[in-house]
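Asker: Sending over a structure as structure tokens; questions will come in a sec.
The values are calculated or read from the model by the stated rules, or taken from the named source; none is laboratory data. Just so you know, these numbers come straight off a predicted model, no measurement behind them. Cβ coordinates were reconstructed from backbone atoms using ideal geometry, including for glycine residues, and neighbour counts include every protein chain displayed. Please note that ligands, DNA and RNA were not included when accessible areas were found on the heavy atoms of the full protein model with its side chains. Shrake-Rupley method; radii C 1.70, N 1.55, O 1.52, S 1.80 Å.
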Amino acid sequence: MDDATAEAPDWVADLIITADARLADADAALLAQFPGQRAMRQPVHTVYLAADRYRPGLAQQWGTQACSLLASGEQGYRRATGTGEDDLARVQEKLGSEPIEDLRIDFEDGAKHVAAEDEDAVCLAAAKALRLDKSDGTAPPYVGIRFKSLEGPTRARGIRTLAMFLDTAGWVDGMGLTLPKVTSVAQVEAMVELSQSLEDRLGLADHAIGFELQIETPQSILGPDGTALVARMIHVGDGRVTGLHYGTYDYSAFVGVAAAYQSMEHPAADYAKSVMQAAAAGTGVRLSDGSTNILPVGDDAAIERGWELHHRLVRRHLERAYYQGWDLHPHQLPTRFGATFAFFRERLEDALVRLRHYVAGVEGAVLDEPATARALADYVLRGLDCGAVSWREVSEGSGLDLATLNALAKRVDVTSSPER
């Protein structure tokens, strides 16, 4: 019995007790279905790489290539992005230390040039390469595979590759499994059963394996009965669904968008991503935008145009609370980090002052409430996670410790270190 009940007159206490009993099941369901934000760091991007191109040391190779291009094309990069000297230095440092935050070795669209009879060999080679990268500490902090869908024509091949890869590479913390072209709730239920069987095979703890759903078909947004199937998919996932990734080009093609107009910013894309966002809210499931297939490659002018487009698209989905996206080429890394760092730095000072005032109970120009304080703290923590800001800046600017920031952002058991 809480204080409000204990101190109330008997007749009021009876009302409270009756309401508690009436809503007990709803309270339990709310906690189970909407547990809140996951504590672990969310990568700012996922790099998709054709499975037959993965080799040990790939992340460092991409970082070196991106650094080289940035050095030779610095003026074009500055024109395309508006990046200043300080942020440019941060981007260069990031490319040297952690050029890829999340890597997905792709056996779906990325394996289109791999003959069916060769996929076993490619799978085993990629799994062994990942084990080497993990053993020498050069693997990205998050890495995994996208296997073929559970649709009838590709089901057997997808399951075979997934099982072989995990059996050879082993399971490691931070591994991501991406299930593409999801068209039914039953496929998610089947993926839950597969995960349980793989845990038994690999000797893993219950629920050690989670997976992402790639939302790239209209059927996963709107079911035949008019409901948002993506919401049901999350909740039949038995707590294993970790992310929803938007598939730009498959989804656009399915709804009939002409090729010239397929884009992450098409109204059809915005609608799908809004439904995904509402479905995932409060569940702990992360969101990722898709990719652009217009790459910064070619002559200097083409690279600059590609950088300008990518920078704008990254900035756009950050503003819309999609804090992750896909990258397909080393040349996209400078604009990924440039746009991300600028986003998390340009409002940093204001966020830190408002957080300091909120905790101290000081009334400022903006009257912040708990929900806004939560958003401010989350903004700061995301900037810390990706390296856009340092702990020293945060500590000195806010006067708060990490535990307080985590509590304000409703993050618990966060393992991110403040030593940045």
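Asker: Can you give the alpha-carbon Rg of region 1-151 over 2.2 N^0.38 Å, where N counts its residues?
Answerer: Details: Rg = 26.1 Å, N = 151, 2.2 N^0.38 = 14.8 Å.
Normalised Cα radius of gyration, region 1-151: 1.76.
Asker: From the protein chains alone at 1.4 Å, what is the descending order of accessible area for D368, D327, D167, largest first?
Answerer: Solvent-accessible surface, decreasing: D167, D368, D327.
Asker: Of the accessible area of the chain, with the probe set at 1.4 angstrom, what percent is carbon plus sulfur?
Answerer: For the chain, the apolar C and S fraction of the accessible surface comes to 53 percent.
Asker: Residues of region 289-361: accessible area per residue at 1.4 Å, in Å²?
Answerer: Per residue, region 289-361 has 40 Å² of solvent-accessible surface.
Asker: With the radius of gyration and the Kirkwood radius both derived from the Cα set of the chain, what is their ratio Rg to Rh?
Answerer: Rg/Rh for the chain comes to 0.99.
Asker: Normalised by the empirical 2.2 N^0.38 Å for globular proteins, what value does the Cα Rg of region 212-345 take?
Answerer: Here the answer is 1.10, to two decimals.
Asker: Where both residues lie in the chain, what percent of DSSP beta bridges are antiparallel, nearest 5? Let's see the in-between values first.
Answerer: Details: 0 of 26 bridges.
Given both bridge residues lie in the chain, the antiparallel proportion sits at roughly 0 percent.
Asker: At a Förster radius of 22 Å, what calculated FRET efficiency corresponds to the Cβ-Cβ distance of V12 and D368, to the nearest 0.05?
Answerer: That pair, V12 with D368, gives E of 0.10.
Asker: Pulled fully out, how much extra length does the chain show between A258 and A125, if you take 0.36 nm times their separation in residues and subtract their Cα-Cα distance?
Answerer: 44.1 nm
Asker: Check every DSSP H run in the chain and write down those whose alpha carbon atoms cover 30 angstrom or more along the long axis and whose mean Kyte-Doolittle hydropathy is -0.5 or greater.
Answerer: Both cut-offs are met by 10-33.
Asker: Given region 139-284, what whole percent of its Cα pairs are spread farther than 23 Å?
Answerer: Counting pairs separated by more than 23 Å, the tail of P(r) holds 36 percent.
Asker: Given springs between every Cα pair under 10 Å in a Gaussian network model of the chain, which of G63, G226, G82 has the largest fluctuation?
Answerer: Result: G226 has the largest fluctuation of those listed.
Asker: Within region 308-323, find all residues whose amide N lies under 17 Å from a label point positioned 7 Å from the Cα of A375 along Cα-to-beta-carbon.
Answerer: 316-323
Asker: How big is the accessible area of T183 in square angstrom, nearest 10, if you roll a 1.4 angstrom probe over the protein chains?
Answerer: Its accessible surface works out to 40 Å², give or take rounding.
Asker: Average projected area of the Cα convex hull of region 162-247, in nm²? Before the final figure, lay out the partial values.
Answerer: Details: hull surface 21.4 nm².
So the Cα hull casts an average projection of 5.3 nm².
Asker: Can you work out the FRET efficiency for the pair V114 and D136, with r the C-beta to C-beta distance and R0 = 30 Å, to the nearest 0.05? If you can, show how the numbers build up before the last one.
Answerer: Details: r = 26 Å, r/R0 = 0.87.
Calculated transfer efficiency: 0.70.
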